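What follows is one structure encoded as structure tokens, with my remarks underneath.
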Amino acid sequence: MRKTLVILPTFNEKDTLPVVIIKILSQEAFDILVVDDKSTDGTAEIAAHWQGKDKRVNVLNRQGKLGLGTAYVAGFMWGLERGYECFMEMDSDLSHNAADLPRFLDEVEKGSDLVIGSRYMYGTISVVGWDFRRLLLSRFGNLYASFILGIKVSDMTSGFRAYSRKALEGIDLNIVGSEGYAFQIEMTYHVFRTGLGIKEIPIIFHERSKGHSKMSKKIVREASWLPWRLRAGELKGLFRRQQG
Ligand SMILES: Nc1nc2c(ncn2[C@@H]2O[C@H](COP(=O)(O)OP(=O)(O)OP(=O)(O)O)[C@@H](O)[C@H]2O)c(=O)[nH]1
Ligand SMILES: [Mg+2]
């Protein structure tokens, strides 16, 4: 079994983080890294409490709200340095079910380098608790990114996923610049470009019932531009190669 690190980014998740930690710790295969961005509601103290209580829990405290993307990159680098072989991304607001973790690990063991927990497989929508506007934004956003980038993945923005060590080592993490959920699109794109195996598995996503969403217009804007930015980068690369 691969040494697996579940990275939990947190910003003000005091009510849900302990529940998520307990659910993960009940399964032996997984260590935890909480990446907290100076939460103001006591989340960092809760994380520190669990770190002292169980050696499978680790905490990275950052100096302010620097964004989901850089939180994951910091978490990946932390885990790569410590020899982890599989890396899970998971929200700390109970939207993702910790009982699904072994299914991701199974797929990595079978040879996939990126396993995405999809809400939109087989033409269905497995989301509980979203209003129509939010659903439309996510569904349309996925079709849009998938079409522009030419990647046949049903849920590129999903934040419940697993990477093999090989997948992360194949990407220059320092150039991954997205902050919000665009980060998920960007990472999918980089893995796709390295030619490694991407697999989707169905999940059920539950909208948070506690705490506050960090979704903003800025995050949506960033995700709208990203596919074009990535495509423009390809053109630039092509141009440079022709010149040289
Ligand atoms: N460390 C860190 N964590 C963040 C940041 N922004 C969001 N998160 C965490 O990332 C996870 C996903 O963020 P959410 O606000 O739930 O975003 P979302 O799931 O797209 O939005 P909702 O469906 O409305 O909850 C949660 O665990 C957040 O606490 C950030 O800037 N830094
Ligand atoms: Mg959420």
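The values are calculated or read from the model by the stated rules, or taken from the named source; none is laboratory data. Nothing here was measured: the structure is a model prediction, and the numbers come from that model. Positions of Cβ are backbone-derived with ideal geometry, glycine not excepted, and every protein chain shown enters the neighbour counts. Calculation scope for accessible area: heavy atoms of the full protein, side chains included, ligands and nucleic acids excluded. Shrake-Rupley method; radii C 1.70, N 1.55, O 1.52, S 1.80 Å.
A few comments on the model shown:
- None of L136, L94 is open to solvent by 60 Å² or more (accessible area, probe 1.4 Å), over 17 Å from the mean Cα position of the chain (by Cα) and within 16 Å of ligand 1 (Cβ to nearest atom) except L136.
- In the stretch 1-49, the qualifying residues are those that are of a type in the set (V, I, T) and part of a helix (DSSP H, G or I), and the one that is nearest to A99 (Cα to Cα) is I24.
- Failed item, numbered, when F11 is tested on (1) open to solvent by 20 Å² or more (accessible area, probe 1.4 Å); (2) out of contact with any Ser or Thr (no Cβ under 7 Å at 6 or more places or on another chain): (2)
- Residue selection: R119 fails the criterion of being within 16 Å of ligand 1 (Cβ to nearest atom) and free of Cβ contacts under 8 Å to residues at least 24 places away in the same chain.
- Residue match in the stretch 226-239 (condition: open to solvent by 40 Å² or more (accessible area, probe 1.4 Å), among the aliphatic types (A, V, I, L, M) and within 16 Å of ligand 2 (Cβ to nearest atom)): no
- Residue in the stretch 152-167 that is basic (K, R), more than 16 Å from ligand 1 (Cβ to nearest atom) and out of contact with any strand residue (DSSP E or B) (no Cβ under 8 Å at 6 or more places or on another chain) present: yes
- Residue count for the stretch 189-206 satisfying the condition of being within 16 Å of ligand 2 (Cβ to nearest atom) and open to solvent by 60 Å² or more (accessible area, probe 1.4 Å): 2.
- Residue check: S213 meets all listed conditions (1) within 16 Å of L137 (Cα to Cα); (2) in contact (Cβ under 8 Å) with a residue 12 or more places away in the chain; (3) within 16 Å of ligand 2 (Cβ to nearest atom); (4) not aliphatic (A, V, I, L, M) but one, namely (2).
- Only one of the numbered conditions (1) over 21 Å from N97 (Cα atoms); (2) open to solvent by 50 Å² or more (accessible area, probe 1.4 Å) is not met by E186, and that is (2).
- Of residues in the stretch 40-87 being within 16 Å of ligand 2 (Cβ to nearest atom) and under 26 Å from L114 (Cβ atoms), the one most open to solvent (accessible area, probe 1.4 Å): L68
- With respect to the conditions (1) open to solvent by less than 60 Å² (accessible area, probe 1.4 Å); (2) under 19 Å from L8 (Cα atoms), G141 lacks only one, and its number is (2).
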